[in-house]
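Participant: Right, I'll just put the structure down here and ask away after.
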Amino acid sequence: MTVRRRLLGALLGTILSTTAAAQTAAPTLSRPTTPESAPTADGFIQRWLILEPIGADGLTDSAVRAAVKKVYFPDQLTVVPHDGDTVTVGDAPLRWHAVDTKLYNVNLFHFARAQGKPTSNVLFWAVTVVHSPAEASGVRLAIGSNAASVWWVNGQEVIGIYGDRQTVIDDGVSKRLALKKGPNVVRAAIVNGGGATDFCARFLDAEDRPLTALTIRLR
Amino acid sequence: MKLAFLGLLLPAAALAQGLDGQIGIHDPSTVVQCNKRFYTYGTGGGSLISDDGWTWRRGAALPRRGLAPDVIHIGDRYYVYVAANIGAQPRAAVNMIWSRTLDPESPDYKWEEGGVVASSDGVEDSNAIDPGVFLDPSDGRLWLVYGSYFGYIRLVELDPKTGTRKDPGDTPRDLAINCEAATLIFHDGFYYLLATHGSCCRGADSGYNIRVGRSRKVTGPFLDHTGLDMIRGGGTLLVGSGGRVLGPGHFGLLDLGDGVQRFSLHYEADLDRGGASVLDIRPLLWRDGWPVAGDNLASGTYAIESVRTGTALELAVEGMPVGGRRVRPPGPPGPPGAGPPGSGGGFFAGTGSPIPPQDVTQVSAQWPAGNVDVRMANYLCQAQQKWTITPAPGAGGYPGSPYFQITIAGTGRTLAASEGAELVALPAFTGAPEQLWRIEQFPDGAWRIRPKAVPGSSEPLALSAVGASFATLAKLDPASDKQRWRIKAP
């Protein structure tokens with residue numbers, strides 16, 4: 001059964017790679033209604049700015065690295081956009097959307113489908129701003145993604161996981177890093193091949209416990 | 001939490017090498033530590049000393065010479081129990097001597113006589129030699145077992161404050177027959193009586209083997225895994241002859257409180273050392289409530305897989321599928337061919353011929369020069385996932401094993417601890433302490449992998465699977481499943 005689902009997924013992926021998904025409301029995502037949010041009890045960050053997907057091909061280390069190295073829009077590794085901002089990639093205007101997920105993970109398949117956008121063979125940019133009440137050292141960013149992804153914290157690349165993979169909590173974990181007191185920008189590029197796509201992210205403290213005393217403000 | 005037993009993962013043909021240095025001894029006592037040095041005493045009064053538990057040298061003789069001593073550290077005293085026949089066997093006595101240190105260079109090195117703690121009169125069914133001393137961790141009571149073939153293995157109680165017999169008028173209890181070199185240990189609510197069966201002192205013809213029974217009470221009865229009482233000859237085999245070493249005997253528990261257990265023993269004949277009687281230290285494992293003799297890690301090429309995540313340690317380089325990358329054609333798959341592989345059916349029928357192992361020389365040509373990160377991934381038999389583990393020459397060791405170097409098989413790419421307590425693969429092994437690894441087996445059979453040194457850190461750290469795709473070095477924690485690894489044939 002699993003094999004059959006995979007085959008079907010791959011087949012659908014092939015079809016969807018060239019066509020947009022039928023537009024359907026995202027059941028797990030909503031537009032933020034509060035100025036800030038807190039991580040879940042398990043530390044997962046639920047508020048993100050996500051750019052509508054960009055076409056991308058390949059999940060190997062080198063293909064993903066090439067995809068994230070390519071410049072699609074100005075300041076793509078530094079910008080903290082506003083909800084509703086648009087960028088032009090190729091000839092296509094793409095819009096940043098602020099979202100809150102109801103779950104521990106952010107369902108990018110739901111996100112893209114809600115915009116009537118492709119869900120396969122695409123790259124999603126995601127940004128959030130984590131406010132730390134104090135400087136915290138020995139911290140790690142811990143993520144899971146479907147599929148490959150590359151992550152930056154305050155402009156430093158900290159995680160790269162590649163290949164066709166499913167979202168597993170704490171799959172990719174950064175080396176120890178320090179969070180500044182105040183805002184810390186977390187940025188991700190998630191590359192999907194075919195089928196479902198999502199990600200989750202949280203910070204772990206020096207004892208590998210989830211960091212929950214954070215505030216997410218998107219600025 | 002009951003952990004699955006993980007011990008039987010090493011290739012059967014792989015043999016660990018024995019200890020290093022001067023390891024000739026017969027009937028060694030339990031190995032004990034004094035001021036971080038390791039000591040053991042054998043028949044005839046000789047001793048062996050080691051600074052690290054791996055390389056041994058001859059030490060000072062005891063003032064009282066005899067048969068098969070045992071030693072225990074309680075408070076500020078080291079008590080040595082040593083037996084001698086006083087006339088024809090089985091007339092014998094166990095004497096106790098004590099000192100505040102085992103270090104002959106210490107000003108406190110002075111042996112005091114403690115007197116006879118057990119004896120046999122030459123008529124009774126006992127031969128009061130081969131003492132084994134046991135401090136019960138559950139209640140602090142001190143016990144001595146002794147005996148050798150003539151009749152019974154017997155138990156008497158000692159005074160933990162003085163090491164002497166608690167009540168000289170107390171009648172010894174009979175625990176076992178047809179064995180010698182007995183000792184007691186306690187584990188998870190059971191007392192275990194370990195004793196050596198078979199014949200000693202016949203070189204490569206010695207049938208010595210260590211057997212065990214267990215009881216809820218220190219006074220027995222000690223039953224083996226079939227329910228047979230050791231006083232009727234029972235005993236579950238812990239370790240017998242194997243490989244190039246014959247006649248294991250004289251079990252002694254070595255527990256340094258670091259989450260792994262070891263035991264000392266001697267082999268009657270080490271074929272690689274001309275059939276000499278030699279000391280060894282091996283991992284002590286536990287399976288279904290019974291002790292199992294583990295093996296120190298042998299040189300070889302392995303996959304290193306996290307018990308927690310099931311993913312394997314690898315160089316962070318782009319993997320190439322074994323046999324090359326094959327792309328399934330678009331469209332629905334056809335059925336596998338009815339004939340031999342490759343005869344039809346498309347992608348799922350394979351190539352039609354055996355796919356050889358990956359050529360590391362070929363694939364590593366694509367790897368970056370210099371330092372490379374280390375990560376974890378699903379094991380796919382790829383070159384960057386196969387680690388050759390070999391003793392590092394002249395680098396010393398720890399109880400039972402030498403320090404190892406860990407390199408990607410067929411290359412010089414060497415696993416090393418890096419600044420910030422992280423990992424890196426260096427282009428070549430240079431022998432620096434951060435490239436040396438201490439690899440020890442947990443009682444459940446999983447392995448712990450520790451760097452000898454970490455730049456910028458003096459804390460004991462261990463390889464830790466902090467994520468499914470990422471490993472780090474973390475504070476030593478024997479309870480953490482992140483620090484448990486399977487070392488498997490690739």
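Participant: Go through segment B:415-428 and give me each residue that's more than 14 Å from every other protein chain (Cβ to nearest Cβ) and surrounded by fewer than 18 Cβ atoms within 10 Å (Cβ to Cβ).
Facilitator: Within segment B:415-428, B:427, B:428 qualify.
Participant: Scan B:410, B:431, B:394 and give me the residue that is surrounded by fewer than 19 Cβ atoms within 10 Å (Cβ to Cβ) and modelled with pLDDT under 95.
Facilitator: Being surrounded by fewer than 19 Cβ atoms within 10 Å (Cβ to Cβ) and modelled with pLDDT under 95 holds for just one of B:410, B:431, B:394, which is B:394.
Participant: Return the pairs, sorted by first residue and then second, in which the second residue is surrounded by fewer than 21 Cβ atoms within 10 Å (Cβ to Cβ) and of a type in the set (D, E, K, R), the first residue lies in segment B:313-325 and is closer than 16 Å to residue A:62 by Cα and within 12 Å of chain A (Cβ to nearest Cβ), the beta carbons are less than 7 Å apart, and the residues are 6+ apart or on different chains.
Facilitator: Qualifying pairs under 7 Å: B:316/B:373; B:318/A:61.
Participant: Condition (residue is aliphatic (A, V, I, L, M), closer than 15 Å to residue B:95 by Cβ and surrounded by fewer than 18 Cβ atoms within 10 Å (Cβ to Cβ)) applied to segment B:115-124: is it met by at least one residue?
Facilitator: Within segment B:115-124, one or more residues are aliphatic (A, V, I, L, M), closer than 15 Å to residue B:95 by Cβ and surrounded by fewer than 18 Cβ atoms within 10 Å (Cβ to Cβ).
Participant: Give me the residue from segment B:237-255 that is of a type outside the set (Gly, Ala, Ser) and surrounded by fewer than 20 Cβ atoms within 10 Å (Cβ to Cβ) and, out of that set, nearest to residue B:275 (Cα to Cα).
Facilitator: Going through the qualifying residues, I end up with B:244.
Participant: Another question, then. Would a scan of segment B:106-124 turn up a residue that is within 30 Å of residue B:395 (Cα to Cα), not in a strand (DSSP E or B) and not hydrophobic (A, V, I, L, M, F, W, C)?
Facilitator: Scanning segment B:106-124, I find at least one residue that is within 30 Å of residue B:395 (Cα to Cα), not in a strand (DSSP E or B) and not hydrophobic (A, V, I, L, M, F, W, C), so the answer is yes.
Participant: Every residue in segment B:382-391 that is more than 14 Å from chain A (Cβ to nearest Cβ) and either crowded, with 22+ Cβ neighbours inside 10 Å or hydrophobic (A, V, I, L, M, F, W, C) (or both), please.
Facilitator: Matches in segment B:382-391: B:383, B:386, B:387, B:389.
Participant: Okay, next question. For residue B:309, work out the one condition from (1) crowded, with 19+ Cβ neighbours inside 10 Å; (2) within 14 Å of chain A (Cβ to nearest Cβ); (3) free of Cβ contacts under 8 Å to residues at least 40 places away in the same chain it doesn't fulfil.
Facilitator: (3)
Participant: Has segment B:292-303 got any residue that is outside any strand (DSSP E or B), more than 14 Å from chain A (Cβ to nearest Cβ), of a type in the set (Asp, Glu) and surrounded by 15 or more Cβ atoms within 10 Å (Cβ to Cβ)?
Facilitator: Taking every residue of segment B:292-303 in turn, at least one turns out to be outside any strand (DSSP E or B), more than 14 Å from chain A (Cβ to nearest Cβ), of a type in the set (Asp, Glu) and surrounded by 15 or more Cβ atoms within 10 Å (Cβ to Cβ).
Participant: State all residues of segment A:149-173 that are more than 11 Å from chain B (Cβ to nearest Cβ) and either out of contact with any strand residue (DSSP E or B) (no Cβ under 9 Å at 6 or more places or on another chain) or of a type in the set (A, V, I, L, M, F, W, C) (or both); if no residue qualifies, say none.
Facilitator: A:150, A:151, A:152, A:153
Participant: Six or more apart or on different chains, Cβ atoms under 9 Å: show the pairs whose first residue is in segment B:336-365 and over 30 Å from residue B:410 (Cα atoms) and modelled with pLDDT under 60 and whose second is polar (S, T, N, Q) and surrounded by fewer than 12 Cβ atoms within 10 Å (Cβ to Cβ).
Facilitator: Filtered contacts from segment B:336-365: B:341/B:351; B:341/B:353; B:342/B:351; B:342/B:353.
Participant: From B:87, B:59, B:42, grab the single residue that is in contact (Cβ under 8 Å) with a residue 12 or more places away in the chain, surrounded by fewer than 14 Cβ atoms within 10 Å (Cβ to Cβ) and either within 24 Å of residue B:178 (Cα to Cα) or touching a Phe, Trp or Tyr at 6+ places or on another chain (Cβ under 8 Å) (or both).
Facilitator: None of the others qualify; the one that does is B:87.
Participant: I'm trying to understand the selection: among the residues of segment A:137-147, which are away from chain B (no Cβ under 11 Å) and part of a strand (DSSP E or B)?
Facilitator: A:139, A:146
Yes/no per residue for (1) more than 17 Å from residue A:188 (Cβ to Cβ); (2) of a type outside the set (Gly, Ala, Ser):
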{"site": "A:32", "(1), (2)": "yes, yes"}
{"site": "A:35", "(1), (2)": "yes, yes"}
{"site": "A:62", "(1), (2)": "yes, no"}
{"site": "A:74", "(1), (2)": "yes, yes"}
{"site": "A:91", "(1), (2)": "yes, yes"}
{"site": "A:94", "(1), (2)": "no, yes"}
{"site": "A:104", "(1), (2)": "no, yes"}
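Participant: Suppose we filter A:109, A:124 for residues that are assigned to a strand (DSSP E or B), in contact with a Ser or Thr (Cβ under 9 Å, 6 or more places away or on another chain) and either surrounded by fewer than 21 Cβ atoms within 10 Å (Cβ to Cβ) or more than 12 Å from chain B (Cβ to nearest Cβ) (or both); which single one remains?
Facilitator: Within the list A:109, A:124, the selection yields A:124.
Participant: Filtering segment A:174-210 down to residues that are more than 14 Å from chain B (Cβ to nearest Cβ) and not in a strand (DSSP E or B), which residue is modelled with the lowest pLDDT?
Facilitator: A:195
Participant: Is it fair to say residue B:249 is touching a Phe, Trp or Tyr at 6+ places or on another chain (Cβ under 6 Å) and either not in a loop (DSSP other than H, G, I, E, B) or not polar (S, T, N, Q) (or both)?
Facilitator: Yes.
Participant: When residue A:18 is evaluated against the numbered criteria (1) at pLDDT below 55; (2) hydroxyl-bearing (Ser, Thr, Tyr); (3) surrounded by 13 or more Cβ atoms within 10 Å (Cβ to Cβ), which criterion, by number, is the only one it fails?
Facilitator: Every listed condition holds for residue A:18 apart from (3).
The values are calculated or read from the model by the stated rules, or taken from the named source; none is laboratory data. A quick note: this is a predicted structure, and the numbers were derived from the prediction, not measured. Cβ atoms come from the backbone with ideal geometry, glycine included; neighbour counts cover every protein chain shown.
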